[in-house]
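To keep things clear, I will list the structure first and then write my remarks on it.
The values are calculated or read from the model by the stated rules, or taken from the named source; none is laboratory data. Quick caveat, the model's predicted, so the values are computed rather than measured. As a convention, Cβ positions derive from the backbone with ideal geometry for all residues, glycine included, and neighbour counts pool all protein chains shown.
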Amino acid sequence: MFQARDSDFLRLPGVGRSTGVSRSTTYRRITEGLFPPPVPLGGGRIVGWPAREVAAVNEGRIRGWSDAKVRALVHRLVAERTAGGTR
């Protein structure tokens, strides 16, 4: 299994390579609550995804989790991120 460090970020092309889905599918999943939103990396429009969050969602998909379970995972990941989460 891929072990992402807390400090690793993926830009959109890396997210696509990791998930196997297109840009539009990534953003649709964000809207549906099935994928975490990106975080600003500075410089205005520059964003990235915490690699550990992408890996966690991928792992859930690999395990066959339902959309409801993935949505709950995404909600938890974003809550941890915004609260300076503890793991």
**Study point:** Out of Gly44, Gly48, sole residue that is of a type in the set (Gly, Ala, Ser) and loosely packed, with under 14 Cβ neighbours inside 10 Å
**Key:** Gly44
Check your understanding: How many residues are assigned to a strand (DSSP E or B) and either surrounded by 14 or more Cβ atoms within 10 Å (Cβ to Cβ) or under 14 Å from the mean Cα position of the chain (by Cα) (or both) when one looks only at region 31-41?
Key -> 2
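Quick grid of which residues meet (1) of a type in the set (A, V, I, L, M, F, W, C); (2) assigned to a loop (DSSP other than H, G, I, E, B); (3) at positive phi; (4) modelled with pLDDT under 95:
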position: Ser7; (1), (2), (3), (4): no, yes, no, yes
position: Gly16; (1), (2), (3), (4): no, no, no, no
position: Arg29; (1), (2), (3), (4): no, no, no, no
position: Ala68; (1), (2), (3), (4): yes, no, no, no
Point to revise | Which listed residue is outside any helix (DSSP H, G or I), over 16 Å from Ala79 (Cα atoms) and within 11 Å of the chain's Cα centre (by Cα), from Gly44, Gly64, Gly48 | key: Gly48
